[in-house]
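Everything below concerns the one structure shown next.
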Amino acid sequence: MSIRWGIIGCGDVCELKSGPAFYKIAGCELRIVMRRDAEKAADFARRHGVAQSTADAQAVIASPEVDAVYIATPPGQHLEYALRVAEAGKPCYVEKPMARSASECRQMLEAFERARQPLFVAYYRRALPRFLAVKELLASGRLGQVLAVSHIYQGRVQPGGAPAPPFPATGWRESVAESGGGLFLDLGSHVLDLLDFLLGRLSRVAGSAARRTASTSAPGLPEDTVVMSFASESGVLGTARYQFHTSASVDRLEFVGTQGTLSLSVFGREPLELRCGTELESIATEHPEHVHQPLVQSLMDELAARGGRCPSTGRSALRASEAMDAVLDDYYGGRQDAFWLRPETWPGALGR
């Protein structure tokens, strides 16, 4: 069974991480790509051997040559395009985070459930060999009973930028109207979804967010520092801390068990470190050229009814957005409405 795909938003992510999967996987055909800049869309199509390109998203959605749609735009456009895809009665694969807020995610999920079409979300770490190895280690009992998990991420997001605060925004990722928040939405969402996959649904999520590297008197600035705690469905207690625009880089995920500790980075590729007593084991993992490809393969297996199931769906992705909303709610004075339109009311940004 062949499935013909169209891509809305063939930008940087599509260049290597995701785009090639849609014509390299058996049974996938990439028929048309869209970008608001028609020349850049045509350039992508030419270099990737795609027959058609356009600057019109609706042309992709409505095309009779497109069976399924991949939405690869910033999150600010996910809801609009996803609702159109659902109305067209087609399956959809949407970039992460699923939308700007859990409220938007629920609207998307409900639309696809009414249309009786699947909605997949690009939390590709659920299918990467690196994190499948982590899942196997946690289940193997080598750590004993897993008691706690922690993640620390800090880094200078603009290595060539200003050496000290206040730092300039990093494009759409720190435009709340486009992303739904700061870099926590972009990077932290990967981690929270991964923990959901490895340990079960997160609960008792609590935390605080602040803008620490720029004046808090200017409206419209998203959070850049987040500290949170949670518990997993399996009983593991967890903490996480995110600080963006710092000079030192740290990315450390650590699982602590009664018999050992497993440490790794979420965004790197170096070997996993398993320490049991005085013994330290280094475990190398594979990383595919196109990191989305294993996840896209799983959704293709599901769409083609080959017995496989995609591990990242609209329902699982909603849980990551709910966790992020729980932490960011106070900063934005609520996240059920179009909060990006009322920056003058954000308690966190105003330093209240």
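Those residues that are part of a helix (DSSP H, G or I) and crowded, with 23+ Cβ neighbours inside 10 Å, I need them from region 113-125; list them, please. Working first, answer last.
Looking only at region 113-125, we keep the residues that are part of a helix (DSSP H, G or I), and these are 113-115, 124-125.
Across region 113-125, the qualifying residues are Tyr124, Arg125.
Has region 244-252 got any residue that is in contact with a Gly (Cβ under 7 Å, 6 or more places away or on another chain), acidic (Asp, Glu), open to solvent by less than 50 Å² (accessible area, probe 1.4 Å) and more than 20 Å from Leu137 (Cβ to Cβ)? So far as region 244-252 goes, no, none of its residues is in contact with a Gly (Cβ under 7 Å, 6 or more places away or on another chain), acidic (Asp, Glu), open to solvent by less than 50 Å² (accessible area, probe 1.4 Å) and more than 20 Å from Leu137 (Cβ to Cβ).
Give me the residue from region 226-245 that is hydroxyl-bearing (Ser, Thr, Tyr) and modelled with pLDDT of 95 or more and, out of that set, nearest to Leu147 (Cα to Cα). It would help to see each step written out before you state the result.
Within region 226-245, the subset hydroxyl-bearing (Ser, Thr, Tyr) is 229, 232, 234, 239, 242.
Imposing the further condition that a residue be modelled with pLDDT of 95 or more reduces the set to 229, 232, 239, 242.
Working: Ser229: 14, Ser232: 10, Thr239: 12, Tyr242: 22 Å.
Per the stated criteria, the residue is Ser232.
Just to be sure, is Gln77 out of contact with any strand residue (DSSP E or B) (no Cβ under 7 Å at 6 or more places or on another chain), in a helix (DSSP H, G or I) and without any contact (Cβ under 8 Å) to a residue 60 or more places away in the chain? Lay out the reasoning, then the answer.
Numbers: out of contact with any strand residue (DSSP E or B) (no Cβ under 7 Å at 6 or more places or on another chain): yes; in a helix (DSSP H, G or I): yes; without any contact (Cβ under 8 Å) to a residue 60 or more places away in the chain: no.
In short, no.
List pairs: first residue in region 189-210 and in contact (Cβ under 8 Å) with a residue 40 or more places away in the chain, second residue open to solvent by 30 Å² or more (accessible area, probe 1.4 Å) and of a type in the set (Ser, Thr, Tyr) anywhere in the structure, Cβ distance under 6 angstrom, at least six positions apart or on different chains. Final answer for the pair search is Leu199/Ser234; Ala206/Ser229. Scanning region 270-302 for residues that are open to solvent by 60 Å² or more (accessible area, probe 1.4 Å), among the polar types (S, T, N, Q) and closer than 21 Å to Phe255 by Cα yields Thr278, Ser282. If you go through region 14-27 and keep only what is surrounded by fewer than 17 Cβ atoms within 10 Å (Cβ to Cβ) and not small (Gly, Ala, Ser), you end up with Glu15, Leu16, Tyr23, Lys24. Across region 28-45, the number of residues qualifying as open to solvent by 30 Å² or more (accessible area, probe 1.4 Å) and either assigned to a strand (DSSP E or B) or touching a strand residue (DSSP E or B) at 6+ places or on another chain (Cβ under 8 Å) (or both) comes to 5.
The values are calculated or read from the model by the stated rules, or taken from the named source; none is laboratory data. Bear in mind that the values here come from a model prediction, so they are computed numbers and not experimental data. No Cβ is skipped: glycine too gets one built from the backbone with ideal geometry, and neighbour counts run over all protein chains shown. With ligands, DNA and RNA removed, areas are computed over all heavy atoms of the protein, side chains included. Shrake-Rupley method; radii C 1.70, N 1.55, O 1.52, S 1.80 Å.
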